Amino acid sequence: MTNPYAKRIMVTGGAGFVGSFLCERLLESGADVLCVDNFFTGTRSNIVHLMGNPQFELLRHDVTFPLYVEVDEIYNLACPASPVHYQFDPVQTTKTSVHGAINVLGLAKRTRAKILQASTSEVYGDPAVHPQTEDYWGNVNTIGPRSCYDEGKRCAETLFFDYYRQHKVKIKIARIFNTYGPRMHPDDGRVVSNFIMQALRGEAITIYGDGQQTRSFCYVSDLIDGLIRLMATPDEVTGPINIGNPGEFTIKELAETILELTGSKSELIFKPLPQDDPKQRQPDITRAQQILGWEPTIKLREGLTKSIPYFKSLVG
Ligand code: NAD
Ligand code: UDP
Ligand code: UDP
């Protein structure tokens, strides 16, 4: 028997990298979980271990179309997250962020559900302020190859705040910084997955530019903790709140750490820097510390060590 009083939680993008861990954690908390995904970048293998759970339900659906279900909470994660995937069909990427947000916000308005948006550090663009605080408005190109993602996510934040002010929808916005871990798509072109796969296969490690650009990498379980804490805040807490690990590394440092941890002899090669690639990125997490009592617990080396066996299992 499932619990008739269980909280009903919808996770859009639930078959993706982050979404699948979130579904898992919500089920562990006793909730009924409805995973909504169109399988653009997500896979059944990410959630196959949850399929036997009677409190888990999977719906193949594209969030750019309306959806009528009854839920208490919504985590809106549907959106390809890696540059390779979001630039594959940029119009669909913007539609997913914008039409998708309108549909899930309409659903939240009708059902009075709380709704959390997976926003991104990309709303800060190539930032002129370092580290990035939530009140920085960003430095984003409106017409470049990354704009479908960045501007789609910015517009989604606008929609969330307009539904909050106009319709009193209970919103929460998390600005997620680079996150990594098992179940990342091995071919998503992101730096952690690329470097680990290249190191394990003995292929050259492709550093774009001079490798002096920086990122701050958060292990997936820390992110999930932050998202769940944000959803549990009182209604007046809307965010945006940065969720990320402030440990900042150059891309070259990341490459060297991965070589060391995998024991690989791969060489480092340098390739052109993609257009609009942010030069530095580091979250200021003061708000998350004060409002959520949250900070990441897993350092880069530890998180990479936890991730490498997953990538090894793919290499065979
Ligand atoms: P992912 O690509 O693994 O997951 C996204 C999921 O959304 C996939 O399962 C995909 O199939 C699904 N999806 C895409 N378009 C859809 C649509 N139109 N309808 C229904 N489902 C759709 O990426 P992820 O890393 O798990 O990211 C999850 C969320 O977190 C995304 O919204 C992303 O923008 C955000 N985020 C992630 C990171 C990160 O570093 N991983 C950083 C910032 C923000
Ligand atoms: N919507 C949805 N599920 C719902 C309620 C609304 O998908 O349970 C969609 C609806 O199709 C609409 C969008 O969400 O296109 C926005 O809804 P809202 O009520 O804000 O706008 P309206 O229907 O008045 O245009
Ligand atoms: N990057 C790299 N080699 C790769 C993939 C990415 O040097 O094989 C760089 C990329 O140019 C960027 C950083 O690593 O400076 C992070 O890239 P990713 O696509 O993971 O995330 P984002 O740019 O969205 O933060």
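Of the residues Pro83, Pro66, Pro90, Pro4, which is within 14 Å of ligand 1 (Cβ to nearest atom) and at pLDDT below 95? Let's see the steps before the verdict.
On the way: Pro66 fails: at pLDDT below 95; Pro90 fails: at pLDDT below 95; Pro4 fails: within 14 Å of ligand 1 (Cβ to nearest atom).
None of the others qualify; the one that does is Pro83.
Return a yes/no flag: does segment 55-64 have any residue that is part of a loop (DSSP other than H, G, I, E, B) and open to solvent by less than 30 Å² (accessible area, probe 1.4 Å).
Yes, there is a match, as at least one residue in segment 55-64 is part of a loop (DSSP other than H, G, I, E, B) and open to solvent by less than 30 Å² (accessible area, probe 1.4 Å).
Within segment 10-42, can you find the residues that are assigned to a helix (DSSP H, G or I) and either β-branched (Val, Ile, Thr) or surrounded by fewer than 24 Cβ atoms within 10 Å (Cβ to Cβ) (or both)? Spell out how you get there, then give the answer.
Step one: filter segment 10-42 for residues assigned to a helix (DSSP H, G or I), giving 17-28.
Within segment 10-42, Val18, Phe21, Glu24, Arg25, Leu27, Glu28 qualify.
When segment 171-198 is filtered for residues that are farther than 19 Å from Ala288 by Cβ and more than 15 Å from ligand 3 (Cβ to nearest atom), the ones remaining, listed by number, are Pro182, Arg183. In the set (1) among the aliphatic types (A, V, I, L, M); (2) open to solvent by 20 Å² or more (accessible area, probe 1.4 Å); (3) in contact (Cβ under 8 Å) with a residue 60 or more places away in the chain, the condition left unmet by Ala232 is number (3).
Is there a residue being charged (D, E, K, R) and either in a helix (DSSP H, G or I) or without any contact (Cβ under 8 Å) to a residue 40 or more places away in the chain (or both) anywhere in segment 206-213? Please lay out each step first, then the result.
We begin by selecting, within segment 206-213, every residue charged (D, E, K, R); these are 210.
Pick out the ones that are also either in a helix (DSSP H, G or I) or without any contact (Cβ under 8 Å) to a residue 40 or more places away in the chain (or both) and you get none.
No, because not a single residue in segment 206-213 is charged (D, E, K, R) and either in a helix (DSSP H, G or I) or without any contact (Cβ under 8 Å) to a residue 40 or more places away in the chain (or both).
Could you list all residues from segment 76-107 that are touching a helix residue (DSSP H, G or I) at 6+ places or on another chain (Cβ under 8 Å), closer than 30 Å to Tyr5 by Cβ, within 16 Å of ligand 2 (Cβ to nearest atom) and not small (Gly, Ala, Ser)? Scanning segment 76-107 gives Asn76, Leu105.
Could you list, in sequence order, all residues of segment 249-262 that are open to solvent by 50 Å² or more (accessible area, probe 1.4 Å) and either of a type in the set (A, V, I, L, M) or assigned to a loop (DSSP other than H, G, I, E, B) (or both)?
Within segment 249-262, just Leu261 meets the criteria.
The single condition from (1) in a loop (DSSP other than H, G, I, E, B); (2) modelled with pLDDT of 95 or more that Pro186 fails is (2). Total residues in segment 258-310 satisfying the condition of being within 19 Å of the chain's Cα centre (by Cα), within 16 Å of ligand 3 (Cβ to nearest atom) and under 17 Å from Gln198 (Cβ atoms): the figure is 2.
If I ask for residues that are assigned to a loop (DSSP other than H, G, I, E, B) and modelled with pLDDT of 95 or more, which ones from segment 98-127 would you list?
Within segment 98-127, the first condition is being assigned to a loop (DSSP other than H, G, I, E, B), and the residues that meet it are 112-113, 126-127.
Result: Arg112, Ala113.
Out of Tyr164, Tyr124, one residue alone is among the hydroxyl-bearing types (Ser, Thr, Tyr), touching a strand residue (DSSP E or B) at 6+ places or on another chain (Cβ under 9 Å), in contact (Cβ under 8 Å) with a residue 24 or more places away in the chain and open to solvent by less than 40 Å² (accessible area, probe 1.4 Å). It is Tyr124. Select, from Val140, Val129, the only residue that is open to solvent by less than 60 Å² (accessible area, probe 1.4 Å), in contact with a Gly (Cβ under 6 Å, 6 or more places away or on another chain) and aliphatic (A, V, I, L, M). Just a single option satisfies the conditions, and that option is Val140.
Considering Val71, Val98, Val91, the condition of being surrounded by fewer than 17 Cβ atoms within 10 Å (Cβ to Cβ), of a type in the set (A, V, I, L, M, F, W, C) and more than 16 Å from ligand 3 (Cβ to nearest atom) is satisfied by Val91 alone.
The values are calculated or read from the model by the stated rules, or taken from the named source; none is laboratory data. Since the structure is predicted, the reported quantities are computational estimates derived from the model, not experimental observations. A quick note on method: Cβ atoms are made from the backbone with ideal geometry, for glycine too, and the neighbour counts reach across all protein chains shown. Accessible surface is based on the protein model in full, side chains and every heavy atom, while ligands, DNA and RNA are left aside. Shrake-Rupley method; radii C 1.70, N 1.55, O 1.52, S 1.80 Å.
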